[in-house]
Amino acid sequence: MNPTLKRFLAHRLVWPIAALLVLVIINTIARPSFISITVQNGQLYGPLIDILRNSAPLMLVALGMTLVIATRGIDLSVGAIMAVSGAVALTFISSSPAPEDLSTVLIAIALAVGVALVLGVWNGFLVAVVGVQPIIATLVLMLAGRGVALLITGGFITTITSAPYRFMAQGYLVGLPFAFYVSIVAIVIVAVLQRRTALGVLTEAVGINPEASRLAGVRSRGIVWGAYAASGLLAGFAGILYSSNIMAADANAAGLYIELDAILAVVLGGTSLMGGKFTIAGTVVGVFTIQTLKSTITFLGVPPAVSPLFLAIVVVIVVLVQSPRTRSLFAKGADAVRGGTRRTVEVAS
């Protein structure tokens, strides 16, 4: 195989992007309107725009999950943190005498995200300081967090009427959904901190070998703690977007199973669950892949009870295609075909 082509195929983003493009092509063939974009009152509409908007909460959660997984951890509590964040924000707004005021909404968002940050710091404390296994430490909050959200809302689904709060998930800015801009800002901030500073190298060092990085002078405890705090913070913003989309705080449904989608997006993007090397761009591609898959399932009319099975089958196929062994077999097959072609030419000449 040509060395340049070999290096190209070995790049960690090639196969995730290829999987996403295949999904887009299949959807376009099945329904040409999939790639159509219309303009109404200066705002863009269409299936692709819906994917950009609907993927925003998962994008935020997956970015935080990428940092946690890079440190050899896992965060199962992000869905519960989303539920708590939405409950705090909507409870504050519903009890306010001026729910339509922008100041009220900003204070509610600040309180909700602050609580989410505290929960993320708590997870980091259990993992980095106390030494509890990440899956156990976050499982505790995963189970208890929704109970906390139910206590905040009094066991009911809290609904509000507030135009500024609705704008977070349903509003448009310069033709595109405002939620998409929120996810873009999060991507840029995380990418700059992790790829333009030494923080990314330290995070990977801790994930590759925590003990060696500690002996080298890296404050691994602070790195791990910060990753869980960032995960909680981003999950808090995701909870704001989710509750803003339905204008209600549903402690049971908010962020349900989103931790699994986030882990899947990170893995599909090329980040290893063993920690160490991670890719923010890969996570972004993974999120769009999952959201496109969900859009495909909805279009095909797959019953809700069967959709998880359909999603699992497609994901297994995508993961197998991206696996190192499949890449190796593909490379060997290409070399064999090229060698056979060369021998045929030699015989003919």
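For the reader, a short list of remarks on this structure follows.
- Whichever residue in the stretch 158-192 is over 30 Å from Phe278 (Cα atoms) and in a helix (DSSP H, G or I) and, among such residues, is farthest from the chain's Cα centre (by Cα): Ala163
- For the stretch 148-166, filtering for residues that are touching a residue at least 12 places away in the same chain (Cβ under 8 Å) and either aliphatic (A, V, I, L, M) or open to solvent by 60 Å² or more (accessible area, probe 1.4 Å) (or both) leaves 10.
- The set of residues from the stretch 167-212 being aliphatic (A, V, I, L, M), within 30 Å of Ala98 (Cα to Cα) and touching a residue at least 24 places away in the same chain (Cβ under 8 Å) comprises Met168, Ala169, Leu176, Ala179, Val182, Ala186.
- Members of the stretch 188-214 found to be crowded, with 18+ Cβ neighbours inside 10 Å and of a type in the set (Val, Ile, Thr), listed by number: Val190, Thr203, Val206
- Contacts under 9 angstrom Cβ, first residue in the stretch 215-226 being in contact (Cβ under 8 Å) with a residue 12 or more places away in the chain, partner among the aromatic types (Phe, Trp, Tyr), 6 or more apart: Trp225/Phe125
- Some residue of the stretch 44-55 being under 16 Å from the mean Cα position of the chain (by Cα) and of a type in the set (Gly, Ala, Ser): yes
- Residue identified as at pLDDT below 90 and polar (S, T, N, Q) among Ser295, Ser231: Ser295
- Residues of the stretch 95-147 satisfying the condition of being open to solvent by 60 Å² or more (accessible area, probe 1.4 Å) and either over 25 Å from the mean Cα position of the chain (by Cα) or polar (S, T, N, Q) (or both): Ser95, Pro97, Glu100, Asp101, Leu102, Ser103, Ile107, Val130, Gln133
- Tally of residues being of a type in the set (A, V, I, L, M), in contact with a Leu (Cβ under 6 Å, 6 or more places away or on another chain) and on the phi > 0 side of the Ramachandran plot across the stretch 154-190: 0
- Those residues of the stretch 171-187 which are touching a strand residue (DSSP E or B) at 6+ places or on another chain (Cβ under 8 Å) and open to solvent by 60 Å² or more (accessible area, probe 1.4 Å), in sequence order: Tyr181
- Unmet criterion (only one of (1) out of contact with any helix residue (DSSP H, G or I) (no Cβ under 6 Å at 6 or more places or on another chain); (2) at pLDDT 75 or above; (3) not hydrophobic (A, V, I, L, M, F, W, C)) for Tyr242: (1)
This table checks each residue for (1) assigned to a strand (DSSP E or B); (2) within 21 Å of Ala281 (Cβ to Cβ); (3) at pLDDT 80 or above.
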{"site": "Phe8", "(1), (2), (3)": "no, yes, no"}
{"site": "Ile17", "(1), (2), (3)": "no, yes, yes"}
{"site": "Leu20", "(1), (2), (3)": "no, yes, yes"}
{"site": "Leu23", "(1), (2), (3)": "no, yes, yes"}
{"site": "Ile26", "(1), (2), (3)": "no, no, yes"}
{"site": "Ile29", "(1), (2), (3)": "no, no, yes"}
{"site": "Val39", "(1), (2), (3)": "yes, no, yes"}
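The values are calculated or read from the model by the stated rules, or taken from the named source; none is laboratory data. This is a predicted model, so every value here is computed, not measured. Counting neighbours? That spans all protein chains shown, and the Cβs are built from the backbone with ideal geometry, glycine included. The protein model used for the area step is the full one, side chains on, heavy atoms only, and it has no ligands, DNA or RNA in it. Shrake-Rupley method; radii C 1.70, N 1.55, O 1.52, S 1.80 Å.
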